[in-house]
Amino acid sequence: MRKASFPFSMMKEVLMRCFYEKGLAFTCVSGCNYCCSCEPGYVFLSQEDLQRLCAFTSMDEERFIRTYCRLVNMGSFSMVSLLEKENYDCIFLTKQGCSVYEARPRQCRTYPFWRSVMENEESWEAEKASCPGIGKGKVYSKTEIDEILRQQTGQEPIIRL
Ligand code: SF4
Ligand code: SF4
C-alpha cells in the first residue's frame, strides 16, 4: 500500500521472469505506517476504488473528490489521487491505522505485489528498503501472487482532461 513515487508505475506492463516460482514472503509489520505516510507520494484511484470509497463514506463521487482528493497535473490530463496532510500522511491515516481499511484503494491492497516491484528479483529486493515487511512472515505462493497481479489489470487511475 505504499504511495507511488512515479505515477505511471502502476500502468506499466512488463514481461515478468518468474523469479517467484517458490513464492515470496511478506507480512505487514504491526505499527509500521511507512507506506501511508512520511514522504510525498500518490494514491491514485481507479473508478472502482472511487465507487468503493464513496459507498464506504456515503458520499457521492464529486463530493468525495472535492473532500478527499487532489488532481495531479500530468500535462495534458490529470489523475485523481488521495490528499496528503502537511506531514505527508495520507488523508485517511489515523493513529489507529487506515480509517477506510475495508474500502482502501487497490494500490494499497496489492502492495508490495505491484507490477513495478515484481518486474524482477532485483526490483523486489530493492523494495525492501521501503518496506520492512518484505521477506518476512507469510509466504505467498506463485498462484496467489499471480492473482494479486491479475487484480491490477484494468484498474488504471481515473483520468480527467
Ligand atoms: S510493513 Fe510495509 S506494507 Fe506494512 S506499513 Fe510498513 S511499509 Fe507499509
Ligand atoms: S488509504 Fe489507507 S492504506 Fe491507503 S495510503 Fe491511505 S491510510 Fe494507507
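Please treat every number below as a calculation from the coordinates, not as lab data. Keep in mind that this is a model prediction, so the values were computed, not measured. Virtual Cβ from ideal backbone geometry, glycine too; neighbours counted across all protein chains shown.
Okay, which of the stretch 44-64 sit inside 19 Å, backbone N to the point 7 Å along the Cα-Cβ direction of L161?
Correct set: 47.
Just want the ordering: D60, D49, from fewest to most Cβ atoms lying within 10 Å of their own Cβ. Write out the running numbers ahead of the final one.
Working: D60 10, D49 23.
The order, fewest Cβ neighbours first, is D60, D49.
Would you mind telling me which residue in E127, E48, E21 has the biggest mean-square fluctuation in a Gaussian network model of the chain, where springs connect alpha carbons within a distance under 10 angstrom?
Of E127, E48, E21, the Gaussian network model singles out E21 as fluctuating most.
Which of the trypsin sites (Lys or Arg not before Pro) found in the stretch 19-111 are in a DSSP loop and have at most 16 neighbouring Cβ atoms, other than their own, within 10 Å? Don't skip to the answer; put the middle values down first.
Numbers: sites: K22, R52, R63, R66, R70, K85, K95, R106, R109; in loops: K22, K85, K95.
Qualifying residues, ordered by number: K22, K85, K95.
Once fully extended, how much extra length lies between T94 and R66, figured as 0.36 nm per residue of separation less the alpha-carbon to alpha-carbon distance?
Values: separation 28, 0.36 × 28 = 10.08 nm, distance 2.00 nm.
Between T94 and R66, full extension yields 8.1 nm more.
For a quick check: sort F92, F56 by the number of other beta carbons within 10 angstrom, fewest at the front. Before the final figure, lay out each step's value.
Numbers: F92 22, F56 15.
By the 10 Å Cβ count, ascending, the order reads F56, F92.
For E86, E61, which order do you get if you count the other beta carbons within 10 Å of each Cβ and list the fewest first? Before the final figure, lay out each step's value.
Numbers: E86 5, E61 16.
Ascending number of Cβ neighbours within 10 Å: E86, E61.
Taking 0.36 nm per residue of sequence separation and subtracting the Cα-Cα distance, how much length would be gained by fully extending the chain between F77 and S58, in nm to one decimal?
Details: separation 19, 0.36 × 19 = 6.84 nm, distance 2.77 nm.
Full extension of this stretch gives 4.1 nm more.
Can you compute 3J(HN,Hα) from phi for each residue in the stretch 23-36, using the Karplus curve 6.51 cos²θ - 1.76 cosθ + 1.60 with θ = phi - 60°, rounded to whole Hz and x for Gly and Pro?
x, 9, 8, 7, 8, 4, 7, 4, x, 8, 10, 3, 7, 10
At 1.002 mPa s and 20 °C, plugging the Kirkwood radius over alpha-carbon pairs of the stretch 85-146 into Stokes-Einstein gives what diffusion coefficient in µm²/s? Before the final figure, lay out each step's value.
Numbers: Rh = 13.5 Å.
Here the translational diffusion coefficient equals 158 µm²/s.
Based solely on its DSSP helices, what 222 nm [θ] is calculated for the chain when runs of n ≥ 4 H residues each add -39,500 (n - 2.57) and the sum is averaged over all residues, nearest 500 deg cm²/dmol?
Calculated from helices alone, the mean residue ellipticity at 222 nm is -7000 deg cm²/dmol.
Under the rule of at least 5 residues apart or a separate chain, name every residue whose amide H is placed under 5 Å from the amide H of C69.
Long-range HN contacts for C69: L83.
Run the numbers for K142 and K85: contour at 0.36 nm per residue of separation, minus the present Cα-Cα distance, in nm.
Extra length from K142 to K85 when fully extended: 16.9 nm.
Find the percent of Cα-Cα distances in the stretch 9-147 that exceed 18 Å, and round it to a whole number.
Distances greater than 18 Å cover 60 percent of the Cα pairs.
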